[in-house]
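Novice: Pasting a structure below so you can have a look.
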Amino acid sequence: MLARLRVERKLSVADVAQRLKYGVRQIEALEAEEFDRLPGATFVRGMVRGYAKLLETDPEPILGSLDQRYVPGEISLDLRAKRVPFAPGGKRSGTRTYLLLSLAVLVLAGVVYEWRAGAFPWARLALNTTPPQEQATPRPAPAPRVEAEAPVAPAVVEPQTPATVETPAPVEQAKSPPPKPQAPGGEGRIRMEFAGESWVEIKDRDGQMLMSQLNPTGSRRVVAGRSPLTVVVGNAANVRLTYNEKPVDLKPYIQIEVARLTLE
């Protein structure tokens with residue numbers, strides 16, 4: 001069945017072997033139903049399933065036919081048919097082995113008990129000998145250190161002098177510094193409405209950061225500062241901006257979704 005379908009698909013045995021990653025001789029043995037040349041039943045079923053999928057056909061009918069044609073031979077485990085000799089008196093030899101093992105276990109248990117009880121002289125010597133670290137003489141405790149107290153100098157009593165009352169000097173009224181002249185330029189007011197998430201940075205005329213944050217969708221922000229104001233708007237297509245109550249079109253300033261502009 002597989003060979004007929006392969007010929008209809010205009011495929012050679014070498015083509016099938018290359019696509020399924022099998023040897024050419026294995027494909028030939030499968031098509032010739034020489035299953036004794038293949039590793040085993042599980043291997044043969046796997047080859048048939050992969051072969052059928054390659055030929056774009058249902059593998060189940062082919063596997064059912066395979067189960068009827070390919071029945072592995074039964075393995076005989078009857079040793080009497082091969083006249084395998086058995087040792088006579090197996091029951092008696094097993095009893096003797098059991099008795100010997102029991103005796104060995106009892107002897108071993110007795111030796112361990114005598115060792116723990118100290119019946120052997122070398123065992124008592126080993127138990128009574130203390131390691132040299134434990135017999136080391138303790139070091140004498142250091143003598144307490146007594147520090148001599150420094151002599152206390154006698155207190156010197158100074159003669160009291162009459163207190164003098166100082167009259168406070170007249171306090172001069174602090175003169176306020178003259179007001180600094182304001183630099184040219186007024187205050188600018190920016191209002192933003194965000195139809196999408198956008199990162200905005202705004203600096204005033206002196207380079208002070210007035211705003212630097214990520215604004216969520218649907219939020220509104222109002223920022224005021226000394227103009228000119230430097231503005232950077234991310235995702236500018238989703239931001240509506242007004243400056244001093246006048247709308248500002250951000251499209252001419254957008255480069256790669258970011259608008260950069262200066263508002264006078």
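Novice: Go over the candidates 228, 216 one by one and state the one that is surrounded by fewer than 17 Cβ atoms within 10 Å (Cβ to Cβ) and free of Cβ contacts under 8 Å to residues at least 24 places away in the same chain.
Specialist: 216
Novice: Could you tell me which residue of segment 42-84 is farthest from residue 9 (Cα to Cα), considering only residues that are aliphatic (A, V, I, L, M), at pLDDT 85 or above and part of a helix (DSSP H, G or I)? Can you show your working first?
Specialist: Taking segment 42-84 and keeping what is aliphatic (A, V, I, L, M), we get 44, 47-48, 52, 54-55, 62-63, 66, 71, 75, 77, 79, 81, 84.
Still in the running and at pLDDT 85 or above: 44, 47-48, 52, 54-55, 62-63.
From what's left, part of a helix (DSSP H, G or I): 44, 47-48, 52, 54, 62-63.
On the way: 44: 22, 47: 18, 48: 16, 52: 12, 54: 10, 62: 17, 63: 20 Å.
Only one residue fits best here, namely 44.
Novice: With the checklist (1) more than 46 Å from the chain's Cα centre (by Cα); (2) at positive phi in hand, flag the one item residue 207 doesn't pass.
Specialist: (1)
Novice: Considering only residues of segment 241-264 that are assigned to a strand (DSSP E or B) and in contact (Cβ under 8 Å) with a residue 40 or more places away in the chain, which is surrounded by the fewest Cβ atoms within 10 Å (Cβ to Cβ)?
Specialist: Taking the candidates together, the pick is 242.
Novice: Can you tell me which residue in segment 2-36 is farthest from residue 69 (Cα to Cα), limited to those that are touching an Asp or Glu at 6+ places or on another chain (Cβ under 9 Å) and open to solvent by 40 Å² or more (accessible area, probe 1.4 Å)?
Specialist: 9
Novice: The conditions are (1) surrounded by 13 or more Cβ atoms within 10 Å (Cβ to Cβ); (2) assigned to a strand (DSSP E or B), and residue 237 fails exactly one of them. Which is it?
Specialist: Condition not satisfied by residue 237: (2).
Novice: If you check every pair at least six apart or on different chains, which have Cβ atoms under 6 Å apart with a residue in segment 15-42 that is over 16 Å from residue 54 (Cα atoms) first and a residue that is open to solvent by 50 Å² or more (accessible area, probe 1.4 Å) and among the charged types (D, E, K, R) second?
Specialist: Pairs that qualify, where the first residue is over 16 Å from residue 54 (Cα atoms) and the partner is open to solvent by 50 Å² or more (accessible area, probe 1.4 Å) and among the charged types (D, E, K, R), are 29/37.
Novice: Considering (1) on the phi > 0 side of the Ramachandran plot; (2) in a strand (DSSP E or B), say which one residue 199 fails and leave the rest.
Specialist: The one condition residue 199 does not meet is (1).
The values are calculated or read from the model by the stated rules, or taken from the named source; none is laboratory data. Values in this document were obtained by computation on a predicted structure and should not be read as measured data. Glycine gets a Cβ as well: all are built from the backbone with ideal geometry, and neighbour counts include every protein chain shown. Ligands, DNA and RNA are stripped out before the accessible areas are found, and what is left, the full protein with its side chains, is counted by its heavy atoms. Shrake-Rupley method; radii C 1.70, N 1.55, O 1.52, S 1.80 Å.
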